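**Q** This is the structure, below, for whatever I ask next.
The values are calculated or read from the model by the stated rules, or taken from the named source; none is laboratory data. Fair warning: this is a prediction, and the values are worked out from it, not measured in the lab. Cβ placement follows ideal geometry from the backbone for every residue including glycine, while neighbour counts extend to all protein chains displayed. Accessible surface areas use protein heavy atoms only, side chains included; no ligands, DNA or RNA. Shrake-Rupley method; radii C 1.70, N 1.55, O 1.52, S 1.80 Å.
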Amino acid sequence: MHTCWGRRAGTTVWNMNQLPAAYAEYLQDKDEGFIATVLPILKQSVAEKTHGVHVTVNSHTVQARTSPEVPFGEVQEDVVD
């Protein structure tokens, strides 16, 4: 079980147990840049507890936002070419 994620150079380590299981699982195997983009939105979703997270990925960018169309605790990802 993947229980925590952190960045080197003394930055904060986030306990993945603070996130819904689907959020923690979504971050597994993602690179540091991807996580740095998406994690703040996942944390916002947890703080609000009303909406899930919609992530849009294309070959050049990753965008994430809370969305009333996604149930809290879930991640919806769209890959756009």
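**Q** Mind listing whichever residues of region 58-81 are part of a loop (DSSP other than H, G, I, E, B) and either among the β-branched types (Val, Ile, Thr) or surrounded by 14 or more Cβ atoms within 10 Å (Cβ to Cβ) (or both)?
**A** Looking only at region 58-81, we keep the residues that are part of a loop (DSSP other than H, G, I, E, B), and these are 58-61, 68-74, 80-81.
The answer is THR61, VAL70, PHE72, GLY73, GLU74, VAL80.
**Q** Taking only pairs six or more apart or across chains, which ones have beta-carbon atoms under 8 Å, a first residue in region 52-65 that is among the charged types (D, E, K, R) and modelled with pLDDT of 95 or more, and a second residue that is surrounded by 14 or more Cβ atoms within 10 Å (Cβ to Cβ) and not in a strand (DSSP E or B)?
**A** Matching pairs, first to second residue: ARG65/ILE41.
**Q** How about region 1-30: which of its residues are modelled with pLDDT of 50 or more, farther than 20 Å from THR66 by Cα and among the aliphatic types (A, V, I, L, M)?
**A** Answer for region 1-30, where residues must be modelled with pLDDT of 50 or more, farther than 20 Å from THR66 by Cα and among the aliphatic types (A, V, I, L, M): just VAL13.
**Q** Out of (1) without any contact (Cβ under 8 Å) to a residue 12 or more places away in the chain; (2) open to solvent by less than 70 Å² (accessible area, probe 1.4 Å), what's the single condition that is false for VAL46?
**A** (1)
**Q** Determine, yes or no, whether GLY33 is open to solvent by less than 70 Å² (accessible area, probe 1.4 Å), of a type outside the set (D, E, K, R), modelled with pLDDT under 95 and at negative phi. First the steps, then the outcome.
**A** On the way: open to solvent by less than 70 Å² (accessible area, probe 1.4 Å): yes; of a type outside the set (D, E, K, R): yes; modelled with pLDDT under 95: yes; at negative phi: yes.
Yes; evaluated as a whole, the condition is true for this residue.
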